[in-house]
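Please read the structure below before turning to the comments.
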Amino acid sequence: MTLSKRQIWILAIALAALMIISLFAAPGGKQQQSGSTYGRSPDGYGAWYAFMESRGVTIQRWQKPLKLLFQPSELKTPTIETANPNQTAEMQRHRDAQISMSVTASPELLASPAASTSSPITLLQVSSGEPLSVASMAWVERGNVLILLGAQSPVTKAPFESAIGSPAGAVQIHTSRRETDRDTRIEPLLNDSFGAVVWQQTMGQGRVVFASTPHLTANAYQDAPGNFEFLATLVTATKLPIWVDEYSHGYKDAEVIKQEDGNLVSYLAKTPLLLVLIQVTVMMLVLLWGQNRRFGPAIALTTPIVDNSEAYIQAMSAVLRKAESNQFVVDTICKAEQLAIQKALGLGTEPLPLPTLLDAWTQQTGQPAAILEAALNSTNHPRRSSEAELSKLLEAMQTVRKQLAL
């Protein structure tokens, strides 16, 4: 099927719009898999998670909003808050009783690290450089450990690929980013002469471990045992329960999915308005370009029937026009008109002398002979008549035809 220029332009605009939407507004599926313990791609953490399970380490996946972990007071279940040292012993016993009742009544809450703020945990997060929030820092200060892989750090002159020694073995690093801050509160855990790749900072009763690369123990490093051992040492150093954040990678528990995506209204409320606006704009442009007409099925072109006589006449007229010789055309038309007038006057089809035809015209129509003579006397016209003279000849012929009702 052959497309017209208009259809090709419409198709090109639609394809360009789809490419733009795909580049800037498409769901980031690969970005969610990056750093996830469910991911089997080179930047996933599935191999390290299986490595930890094979060593008998209890490790669990956190698949709920992080605010339920960092701010347990926002839970739908009975509120559990950190005890205030200024509270009286009686108020504390009363709160402990409420906590006990809440845990007993909700088995799911018992398995959650947010069930008891007095039980610190170690949380592993693989991010893309998001800074710590106020809630997460307050949560760390209560005695928890946050291991953040992919922290913001500047690019240095360090080689992109390097192997850094550690007690767990050589750690393969593919990044030039290093933490160069000489703050005394920062303790390097894995560093070279260019700065720290992994470092920690104490906050209150807890601490935060940072890594300048989010791919510290990704699946691509399965042949580098030092990487897996190094991260395993970090998460098990404090002997706290270990949780891995999977909610940030798009994985949610069934009850969370039911609460967040349970109805159409909540789904539409989360739909990016920019994406909707782009789609509507593209559709409007396509409709305007197509003049608001549907494409419909293709209509086959019919082959025109060639009339040889008409083609010959058109070719001959083109030649005569090019030669600027119109006397032949004038003579032919005048002869044809004379025969038609003779038939209308009842004088047969044999060509008669012009004076005889003029007498018969005057007798039967009562019109002056000059009218007919102007239409038939082709000798009055020069070889090369002008456009105005030819127009007058045609007008005279039309006058005669009207008189005879031809």
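Of the strands (runs of 3 or more DSSP E) entirely within the range 122-220, those holding at least 3 residues that are closer than 23 Å to Thr37 by Cα occupy 122-126, 145-149, 171-174, 195-203, 206-211.
Yes/no matrix, rows are residues, columns are (1) surrounded by fewer than 16 Cβ atoms within 10 Å (Cβ to Cβ); (2) modelled with pLDDT of 85 or more:
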| position | (1), (2) |
| --- | --- |
| Pro355 | yes, yes |
| Ala360 | no, yes |
| Pro368 | yes, yes |
| Leu376 | no, no |
| Asn380 | yes, no |
| Leu390 | yes, no |
| Leu406 | yes, no |
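Scanning the range 150-161 turns up at least one residue that is within 16 Å of Leu123 (Cβ to Cβ) and crowded, with 17+ Cβ neighbours inside 10 Å. Taking the conditions (1) modelled with pLDDT of 75 or more; (2) touching a Phe, Trp or Tyr at 6+ places or on another chain (Cβ under 9 Å) in turn, Val276 satisfies each one other than (2). Determine which member of the set Ala158, Ala232, Ala211 is of a type outside the set (Lys, Arg), in contact (Cβ under 8 Å) with a residue 24 or more places away in the chain and in contact with a strand residue (DSSP E or B) (Cβ under 6 Å, 6 or more places away or on another chain). Sole residue among the options that is of a type outside the set (Lys, Arg), in contact (Cβ under 8 Å) with a residue 24 or more places away in the chain and in contact with a strand residue (DSSP E or B) (Cβ under 6 Å, 6 or more places away or on another chain): Ala211.
For every residue, the table says whether it meets (1) among the polar types (S, T, N, Q); (2) farther than 28 Å from Ala388 by Cβ; (3) not in a helix (DSSP H, G or I).
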{"residue": "Tyr312", "(1), (2), (3)": "no, yes, no"}
{"residue": "Ala318", "(1), (2), (3)": "no, no, no"}
{"residue": "Phe328", "(1), (2), (3)": "no, no, no"}
{"residue": "Asp331", "(1), (2), (3)": "no, no, no"}
{"residue": "Cys334", "(1), (2), (3)": "no, no, no"}
{"residue": "Ile341", "(1), (2), (3)": "no, no, no"}
{"residue": "Gly348", "(1), (2), (3)": "no, yes, yes"}
{"residue": "Leu357", "(1), (2), (3)": "no, no, no"}
{"residue": "Trp361", "(1), (2), (3)": "no, no, no"}
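The residue of the range 20-54 that is modelled with the lowest pLDDT, among those that are of a type in the set (S, T, N, Q) and in contact with a helix residue (DSSP H, G or I) (Cβ under 6 Å, 6 or more places away or on another chain), is Gln32. Residues that are in the same structural domain as Ala375 (by TED's automatic domain parsing) and in contact (Cβ under 8 Å) with a residue 60 or more places away in the chain do not occur anywhere in the range 347-359. Scanning the range 221-241 for residues that are touching a Ser or Thr at 6+ places or on another chain (Cβ under 8 Å) and in a loop (DSSP other than H, G, I, E, B) returns Thr238, Leu240, Pro241. Of the candidates Glu130, Glu187, Glu179, the single residue that is touching a Ser or Thr at 6+ places or on another chain (Cβ under 9 Å), among the acidic types (Asp, Glu) and surrounded by 17 or more Cβ atoms within 10 Å (Cβ to Cβ) is Glu179. How many residues, within the range 242-267, are in a loop (DSSP other than H, G, I, E, B), modelled with pLDDT under 90 and buried (at least 16 other Cβ atoms within 10 Å of the Cβ)? Adding up the residues that qualify gives 3.
The values are calculated or read from the model by the stated rules, or taken from the named source; none is laboratory data. The structure presented is a predicted model; accordingly, all values stated were derived computationally and were not measured. Cβ atoms come from the backbone with ideal geometry, glycine included; neighbour counts cover every protein chain shown.
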